[in-house]
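Step one of this worksheet: look at the structure below.
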Amino acid sequence: MTGQPQQLALPVNAALLMVLAGFLLLIGKPVLLPILAAVIAVYVLINVSEALRAVPLVGRLSAPMRRLLVLMAFSVVVLILLGVVIDTISRILREAPTYQSNIEKLVAQGADMLGVDERPDWKAIRDATFGRLSVQSLINTAFYNITGIGTSVFLVIVYSAFLLSERAGFAVKLSAAMRDAEGAAKTEAMISDINDRIGDYLAIKTLINVVLGSVSFVILWALDVDFAIFWALVIALLNYIPYFGSLVGVAFPVSLSIVQFGDLWWTLLLAALLTAAQMVVGNIVEPRLIGRRVNLSPFVVLVSLAVWSALWGFAGALLAVPLTSILSIILSSFEPTRPIAILMSDRIEFGTPLIKSDTGH
């Protein structure tokens, strides 16, 4: 009889620990999110710094100088992107009357197709949909969110700078902190596996998203869609989110084109071209370059998206895959939690440790 309570204690304690961890992640979002985002950014920056070794002149610089150069370029790019977002919001407000006129045109066309004699005017449409919303409050909310994003971006840049500067001495600190040589070696192997797997995934994924964003920009520019640079950035950013990100990224500019042009066929052409670019990247380019580096089952990826999105919103969705992959590697490094990591994995290579099963791909 005493064995039963002991058997029940483990899953109960595990469930309580998960609830407590989720609560701490939720209330600790303002502090933890910039730190984890900086950690993820550092993986990309280090890979870019290593890639610069092949560049003729830059490759002669020392590793700290290359990392400083990459950090400065990262800061400039992030600030430029933030400026593009702010400029796009102000331009959308200026173009609002044109969009209103095109919406009325589309409503009139729809009324003709349906054989409706009395066409609803813009006032009727506005009153029936979002007429009760305060435009000023929406603008204030948008700028408040941008201010919050700007603060988080500044923290990410600062944290990234300090993480890059202290990275070289981390191995020495780890050896000094772990008195057990075997434990230190095991921890160092785990960190090395995280660095290899997550670093490769993020670097290649970022390169793919840059290519996808560039192709999308050419399509948007060729079809004269407003704010082509902004929507290309949105498509590239949302492609970090598995399964759903690419669909949402295409939906935004396609929806805008409806109110911009008031032409259904032009919108269908835009949707077809952007979808074709997404399919080529998602079904041909990405599987060849990325493969299955993170070694997470599709179901676990979906659950991780749901969990991290519920905790941290859009930022959680962007970080869901790398954070869950890190968790899987940590769980696989310890014997009591290794079965959980096996259940989370997409495949198992028998005869080799789980944490090393994917580094060769």
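The values are calculated or read from the model by the stated rules, or taken from the named source; none is laboratory data. Remember, predicted model here, so these are calculated numbers, not experimental data. Side chains are part of the model used for accessible areas, which takes the heavy atoms of the whole protein and leaves out ligands, DNA and RNA. Shrake-Rupley method; radii C 1.70, N 1.55, O 1.52, S 1.80 Å.
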Problem - With DNA, RNA and ligands ignored, accessible area of Met72 (1.4 Å probe; Å², nearest 10) - result: 110
Problem - Kirkwood hydrodynamic radius over Cα pairs of the range 207-279, then Stokes diffusion coefficient at 37 °C and 0.692 mPa s, in µm²/s - result: 279
Problem - Ranking by accessible area, most exposed first, for Glu50, Glu166, Glu335 with a 1.4 Å probe - result: Glu335, Glu166, Glu50
Problem - Relative contact order (percent, whole number), the range 206-356, Cα cutoff 8 Å, 6+ residue spacing - result: 18
Practice task
Rank these by accessible area, largest first, 1.4 Å probe: Asp193, Asp226.
Solution key: Asp226, Asp193
